[in-house]
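Written out below as structure tokens is the structure these notes cover.
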């Protein structure tokens, strides 16, 4: 069994493709550096990420795949699932080898797996747009915390920056310990200490809140209760569309 | 903003909740950098929350006032009902919308109102809210305005410049029943404003052809709603009306609202213990068949089958009535025919027609693509040994197979059996 290890970046993955074709040796498995090698590994190669190589691979892929498929590949990588690296590697290799674009070949296992993963990642990004709740701080900054399953904050922040272009806001991913601060011009990546009260709980302490914040939160909770029709109560449907893992940071559910 | 606004919001949300529409779809508008807030994403819109009844909350659905001079039998806000009444001022509603929007609670505003004084007076106040949001607060999010039945064309014209979507509710799908239940209304008062909106959109289309920057008029089209189960109409009549509405250029959505027995004292209405939720669901499925699966209303429900079956969905029901159309060869059939296979949706149908260019598909491929083989297997052939097709075995057999409740746990317990709670 041949194994490649790479550093877990997207550039690293593309460099692995380059190396594979350069060495004329294709791995059965792609691991991240630090992972334990499988027991029956007879050959392993450490991929050293090289931007020049990755750009070359990306450029040649763009001749094989449509721009929609290219963005799908990049998006699906945000899932950060270990097993998925190998799938994506096989997909890209097939794309390079095939004389025609493989992106419509949904009878192929890897193509269908990539399609499914893109759908999942985009769905999670949509859920950020749905379920992030902002609280207004006394200094006028809006503050929101999330724990997305995949690393979709980069996608979500684009949406929020477009929507709230005149607001300053901080959107923080507690699981991955980073966030974005948008200052009305552009979004910058920030890292804050995890033990801060509002990062740890997702709630602003009362002395940091804007004077009207509590009232609007109450209003939203009241509205949320009032809008439900009691003859049609359906908790199963509610949990289906709004999974319980999001409830922690939802104003109306706390 | 005070506590009194909060209690008013409660009353008015409770009055507005029976309106089904809550979509924020149908229009894409980018945010304006450095000018106001808001964008709309198009596609299927964004639902921000789901209430305890499982319905989505996308827009702030609220009434400007629940005082109403009409006395429609099915409506919670009818003038003869003794319920708390409230009125929000234009500033209050504008402030709540802006503040909710900034906190990412909502996609925008869905505003309707009870009719006070006269339709024009009411409509004017609705327009004023939309106008304030758009011009004073530079709000670029979604606005859905209810057009008040009987409002003048000028006001509808003005409203359309600020709103993304407008709607007039038909409520009762038959004019005779409508007049019976809502003596102050008739079909004219519903279809006239619909016509104004349509005319406005079409003229606007013409204008935008010559002037690219002409302001858009109701870019997300209009929608309407029908109450199901309050009057004796068959599903056939409802679907016929919907399909006629969808044939008009601007109608985007028809909503069906299972009748909830809110005014139990009114004997003109049927006394339903439970709202007809299954029937409502089947109607939505039929609606989807008309909009995305290229079915015609007559195919779904006709004179010999005036009502949809509650036990199985309308697509399966059609397939069982037409065994001669099956089996469908997934490797050869048109997209239209593949869409008609029970267990295949729009997504999997698209994947199938793409994938079969590369190789012959087998049932294994179909399963991976996401086809529900449990249902589809009676209706397809796919380059393998033939299975049980609906045309060979009987439709009744297939129906029995698909409606049987699997597993011992889901059968109703025998009432003669004693149980002990340990």
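The values are calculated or read from the model by the stated rules, or taken from the named source; none is laboratory data. Nothing here was measured: the structure is a model prediction, and the numbers come from that model. Glycine also receives a Cβ, built like all others from the backbone with ideal geometry; neighbour counts cover every protein chain displayed.
The table below gives the values:
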read-out	value
Every pair of residues 6+ apart whose Cβ atoms lie under 6 Å, when the first sits in the range B:27-41 and is within 7 Å of chain A (Cβ to nearest Cβ) while the second is buried (at least 20 other Cβ atoms within 10 Å of the Cβ) and outside any loop (DSSP other than H, G, I, E, B)	B:31/A:163; B:38/B:139; B:39/A:163
Residue in the range B:123-131 that is crowded, with 24+ Cβ neighbours inside 10 Å and under 21 Å from the mean Cα position of the chain (by Cα) present	no
Helices (runs of 4 or more DSSP H) (entirely within the range B:314-389) containing at least 1 residues that are more than 22 Å from residue B:403 (Cβ to Cβ)	B:335-339, B:346-355, B:363-369
Number of the exception - residue A:150 against (1) part of a loop (DSSP other than H, G, I, E, B); (2) out of contact with any helix residue (DSSP H, G or I) (no Cβ under 9 Å at 6 or more places or on another chain); (3) more than 7 Å from chain B (Cβ to nearest Cβ); (4) surrounded by 20 or more Cβ atoms within 10 Å (Cβ to Cβ)	(2)
Total residues in the range A:199-225, condition in contact with a helix residue (DSSP H, G or I) (Cβ under 7 Å, 6 or more places away or on another chain), buried (at least 18 other Cβ atoms within 10 Å of the Cβ) and either closer than 16 Å to residue A:142 by Cβ or touching a residue at least 60 places away in the same chain (Cβ under 8 Å) (or both)	5
All positions within the range A:226-239 that are within 8 Å of chain B (Cβ to nearest Cβ), part of a helix (DSSP H, G or I) and out of contact with any helix residue (DSSP H, G or I) (no Cβ under 6 Å at 6 or more places or on another chain)	A:230, A:231, A:232, A:235, A:236, A:237, A:238
For residue B:187: the one exception among (1) surrounded by 14 or more Cβ atoms within 10 Å (Cβ to Cβ); (2) in contact (Cβ under 8 Å) with a residue 24 or more places away in the chain; (3) within 28 Å of residue B:230 (Cβ to Cβ)	(2)
Answer residue from the range B:102-122, given it is part of a helix (DSSP H, G or I) and more than 26 Å from the chain's Cα centre (by Cα) and is nearest to residue B:36 (Cα to Cα) among those	B:102
Residue in the range B:278-291 that is free of Cβ contacts under 8 Å to residues at least 24 places away in the same chain, within 30 Å of residue B:15 (Cα to Cα) and either assigned to a loop (DSSP other than H, G, I, E, B) or assigned by TED's automatic domain parsing to the domain that holds residue B:216 (or both) present	yes
Where residue B:257 falls short, out of the listed (1) in a loop (DSSP other than H, G, I, E, B); (2) within 16 Å of residue B:73 (Cα to Cα)	(1)
Failed item in (1) surrounded by 15 or more Cβ atoms within 10 Å (Cβ to Cβ); (2) in a helix (DSSP H, G or I), with residue A:63 passing the rest	(1)
Subset of the range A:240-250 (residues that are without any contact (Cβ under 8 Å) to a residue 60 or more places away in the chain and facing chain B (nearest Cβ under 7 Å))	A:241
